[in-house]
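Notes to accompany the following structure.
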Amino acid sequence: MELLRFATAGSVDDGKSTLIGRLLYDSKAIFEDQLEAVERTSLERGDAYTDLALLTDGLRAEREQGITIDVAYRYFATPRRKFIIADTPGHIQYTRNMVTGASTADLALVLLDARNGVVEQSRRHAFLASLLGIPHLVVCVNKMDLVDWSQARFDEIKAEFRSFAMKLDVHDLTFIPVSALHGDNVVERSANMPWYEGSSLLHHLEEVHIASDRNLIDARFPVQYVIRPQAQSSAELHDYRGYAGTVAGGVFKPGDEVAVLPSGLASTVAAIDTADGPVEEAFSPMAVTIRLADDLDVSRGDMICRVRNRPHVGQDLEAMVCWLTAQSELRPGARLAIKHTTRWGRALVKDLQYRLDVNTLHRDEAAPALTLNEIGRVQLRTTVPLFFDEYRRNRTTGSFVLVDEASDNTVGAGIILGPIEVA
């Protein structure tokens with residue numbers, strides 16, 4: 001069964017958590033004891049109705065304030081598809097949480113309040129979804145019951161958001177009018193909006209085509225672990241040498257001619273093994289073990305790719321970085337550890353070209369540093385060669401994290417724009 005990962009975003013009080021709660025409740029994806037706990041908490045708080053937002057707002061501070069602070073992950077399935085939901089916060093001070101939650105999403109769901117329309121946070125979340133390369137964007141205009149189910153209001157918001165989205169790299173944009181509180185157009189089509197001819201939210205999530213979003217052209221296999229059984233008793237496995245990892249792009253088949261980076265040595269795929277036995281092909285995001293026909297020196301952090309289709313190999317790269325900590329700042333000259341796919345190295349921040357205002361898209365080229373939740377374009381020099389693609393081409397080989405070696409904390413998340421062009 002196919003898996004869809006989607007992230008929700010929107011302004012405070014737009015109803016993200018309520019929408020997810022309604023989605024889980026109406027699709028019968030919650031247990032009786034969960035519902036009883038939510039009903040009991042709602043009663044204790046004096047709510048006039050069962051607050052389904054409590055299904056996702058798990059932190060006590062979230063429930064007390066009625067806001068989302070951390071990223072809440074929820075899992076559910078229908079007969080057609082499995083889902084992982086990342087409910088991300090709306091406040092600007094939690095931008096890092098939204099970046100974290102949306103980094104692996106196939107689809108972003110941006111909620112708008114029908115009364116307020118497109119606000120600053122709506123634009124920010126749409127921009128972040130675009131920056132993170134999320135291929136599908138769904139705009140849910142919520143609280144339609146509070147504007148008398150007005151088609152004119154829905155069309156007005158749709159036109160305003162579409163004009164802003166034209167400035168972004170958004171390929172698939174869908175608008176759905178909903179009332180999360182009452183369940184209109186969430187799981188079932190609403191009788192209150194006969195003018196809306198599209199599908200319900202759940203139907204759209206079940207049907208959206210994501211298979212072609214993966215890069216099936218550029219074969220990339222970062223080696224995570226070398227499997228070399230040491231048991232002397234097993235004659236069958238005595239000479240076994242396999243390279244385990246997750247396919248990051250393309251398709252691998254036995255008989256394919258491949259190259260191993262950084263050595264550049266060539267070989268042929270002898271077999272592809274999984275926990276369920278050998279397979280005839282492997283593609284993203286399958287976790288497999290690749291065996292080669294030749295006995296090459298391959299270790300963790302190396303990459304197996306096509307002989308005539310290789311990633312960039314280099315130590316100088318341009319990137320957009322979101323800074324994730326309040327304990328330090330990202331400044332030119334900073335030295336950090338970098339983890340890219342399965343490869344570790346150290347990185348020097350050569351230059352901070354600009355800090356980006358995610359609300360206005362203004363570039364502040366005079367900014368001296370990036371602080372918590374800020375995003376900027378930087379130039380990095382690494383101590384070891386990285387095997388990378390542009391993020392827009394491959395989200396796995398085009399992303400990395402930065403780590404403070406003193407504290408061992410992850411302090412930055414970045415996407416690669418490309419190698420630094422040498423004049």
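The values are calculated or read from the model by the stated rules, or taken from the named source; none is laboratory data. Only a predicted model underlies this, so the values are computations on that prediction, with no experimental measurement involved. We place every Cβ from the backbone using ideal geometry, glycine too, and count neighbours over all the protein chains shown. Only protein heavy atoms, including side chains, enter the accessible area calculation; ligands, DNA and RNA are left aside. Shrake-Rupley method; radii C 1.70, N 1.55, O 1.52, S 1.80 Å.
Restricting attention to segment 148-164, which residues are outside any loop (DSSP other than H, G, I, E, B), surrounded by 17 or more Cβ atoms within 10 Å (Cβ to Cβ) and of a type in the set (Phe, Trp, Tyr)?
Within segment 148-164, Phe154, Phe161 meet the criteria.
Of the residues that make up segment 165-183, is at least one in a helix (DSSP H, G or I) and either among the polar types (S, T, N, Q) or modelled with pLDDT of 85 or more (or both)?
yes
What's the number of the condition Ile272 fails, among (1) under 24 Å from Leu402 (Cα atoms); (2) in a strand (DSSP E or B); (3) not basic (Lys, Arg)?
Failing condition for Ile272: (1).
Name every residue in segment 110-147 that is in a helix (DSSP H, G or I), touching a residue at least 60 places away in the same chain (Cβ under 8 Å) and of a type in the set (A, V, I, L, M, F, W, C), in order of residue number.
The answer is Phe127, Leu128, Ala129, Leu131.
Output the residue which, of all residues in segment 403-419 that are open to solvent by less than 30 Å² (accessible area, probe 1.4 Å) and either touching an Asp or Glu at 6+ places or on another chain (Cβ under 8 Å) or among the hydroxyl-bearing types (Ser, Thr, Tyr) (or both), is farthest from Lys339 (Cα to Cα).
That would be Gly418.
Can you say whether Pro278 is in a loop (DSSP other than H, G, I, E, B) and either without any contact (Cβ under 8 Å) to a residue 12 or more places away in the chain or exposed (fewer than 15 other Cβ atoms within 10 Å of the Cβ) (or both), as far as the supplied structure shows?
no
Let me spell it out: the conditions are (1) within 20 Å of Thr95 (Cα to Cα); (2) without any contact (Cβ under 8 Å) to a residue 40 or more places away in the chain, and Ala366 meets all of them except one. Which number is the exception?
Against the list (1) within 20 Å of Thr95 (Cα to Cα); (2) without any contact (Cβ under 8 Å) to a residue 40 or more places away in the chain, Ala366 comes up short only on (1).
So, in segment 250-275, exactly how many residues are at positive phi and open to solvent by 20 Å² or more (accessible area, probe 1.4 Å)?
Residues meeting the conditions: 2.
What's the number of the condition Ser267 fails, among (1) closer than 25 Å to Leu3 by Cβ; (2) modelled with pLDDT of 95 or more; (3) hydroxyl-bearing (Ser, Thr, Tyr)?
Answer for Ser267: the failing condition is (1).
Could you figure out which of (1) at pLDDT below 95; (2) surrounded by 13 or more Cβ atoms within 10 Å (Cβ to Cβ); (3) closer than 23 Å to Arg214 by Cα; (4) not charged (D, E, K, R) isn't true of Thr289?
Condition not satisfied by Thr289: (1).
Could you tell me how many of the residues in segment 16-36 are of a type in the set (S, T, N, Q), assigned to a helix (DSSP H, G or I) and either modelled with pLDDT of 70 or more or under 27 Å from the mean Cα position of the chain (by Cα) (or both)? Before you say what the answer is, go through the steps one by one.
Taking segment 16-36 as the starting set, the residues that turn out to be of a type in the set (S, T, N, Q) are 17-18, 27, 34.
Now restrict to residues that are assigned to a helix (DSSP H, G or I): 17-18, 34.
Now restrict to residues that are either modelled with pLDDT of 70 or more or under 27 Å from the mean Cα position of the chain (by Cα) (or both): 17-18.
Number of matching residues: 2.
Find the residue count for segment 343-363, including only residues that are in contact with a Lys or Arg (Cβ under 7 Å, 6 or more places away or on another chain), closer than 22 Å to Leu168 by Cβ and at pLDDT 95 or above.
Looking only at that region, the number is 2.
Residue under question is Thr100, and the condition is that it be of a type in the set (S, T, N, Q), buried (at least 22 other Cβ atoms within 10 Å of the Cβ) and in a helix (DSSP H, G or I); does it hold?
No.
Looking at His340, His312 in this structure, which one is within 23 Å of the chain's Cα centre (by Cα), modelled with pLDDT of 95 or more, within 25 Å of Ile217 (Cβ to Cβ) and open to solvent by less than 10 Å² (accessible area, probe 1.4 Å)? Give the steps one after another, and end with the answer.
Working: His312 fails: open to solvent by less than 10 Å² (accessible area, probe 1.4 Å).
Exactly one residue qualifies, and that residue is His340.
Just to be sure I understand the filter: pairs with C-beta atoms under 8 Å, separated by 6 or more residues or on different chains, first member in segment 159-184 and touching a residue at least 60 places away in the same chain (Cβ under 8 Å) and more than 14 Å from Val110 (Cβ to Cβ), second member surrounded by 17 or more Cβ atoms within 10 Å (Cβ to Cβ) and hydroxyl-bearing (Ser, Thr, Tyr). Which pairs pass?
Once the first residue is touching a residue at least 60 places away in the same chain (Cβ under 8 Å) and more than 14 Å from Val110 (Cβ to Cβ) and sits in segment 159-184, its partners that are surrounded by 17 or more Cβ atoms within 10 Å (Cβ to Cβ) and hydroxyl-bearing (Ser, Thr, Tyr) give Asp169/Ser130; Leu181/Thr18.
Look at segment 368-402 and say how many of its residues are part of a strand (DSSP E or B), open to solvent by less than 10 Å² (accessible area, probe 1.4 Å), out of contact with any helix residue (DSSP H, G or I) (no Cβ under 9 Å at 6 or more places or on another chain) and farther than 24 Å from Pro285 by Cα.
Residues meeting the conditions: 5.
Is there any pair linking a residue in segment 389-412 that is farther than 21 Å from Ala129 by Cα to one that is part of a loop (DSSP other than H, G, I, E, B), with Cβ under 7 Å and at least six apart or on different chains, and which?
Pairs found: Asp404/Ser328; Asn409/Thr325; Thr410/Leu324.
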